[in-house]
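See structure below.
The values are calculated or read from the model by the stated rules, or taken from the named source; none is laboratory data. For clarity, every value in this text was computed on a predicted model and none was experimentally measured. FYI the Cβ positions are ideal-geometry reconstructions off the backbone, even for glycines, and counts take in every protein chain you see.
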Amino acid sequence: MPQAFLASSLPGTDTKAAFTIEPTAEPGREKVLLTLTGSAYAIERVIHELYRVGFAEVREWSKPVPTGKVNEVMRVLTRYVIVGKGSLPPPADNLA
């Protein structure tokens, strides 16, 4: 897992806790929500691919939440990043 990300301090996979309990803010940390929206099958494939490359554990994602659209759900991953001076990686030379 990249060092810029910190593990969530929220308990396991309890989706209700993830949406209702706000952890105490720590200086130098910022909350980031990563959201996947699509069919349950497609999202499951993406989550397992992200696990395969070391981005996130499968259990860290919320349970599927219906979006109101037919055959569409949403899953959320909460991460905390270090912010502040010197926390960004150096810029890439050729982004254009």
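Data for the structure
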| read-out | value |
| --- | --- |
| Residue that is nearest to VAL81 (Cα to Cα), among those in segment 33-57 that are of a type in the set (A, V, I, L, M) and surrounded by fewer than 12 Cβ atoms within 10 Å (Cβ to Cβ) | LEU33 |
| From ARG75, ARG59, residue being assigned to a strand (DSSP E or B) and in contact (Cβ under 8 Å) with a residue 40 or more places away in the chain | ARG75 |
| Residue match in segment 84-92 (condition: loosely packed, with under 11 Cβ neighbours inside 10 Å and modelled with pLDDT of 95 or more) | no |
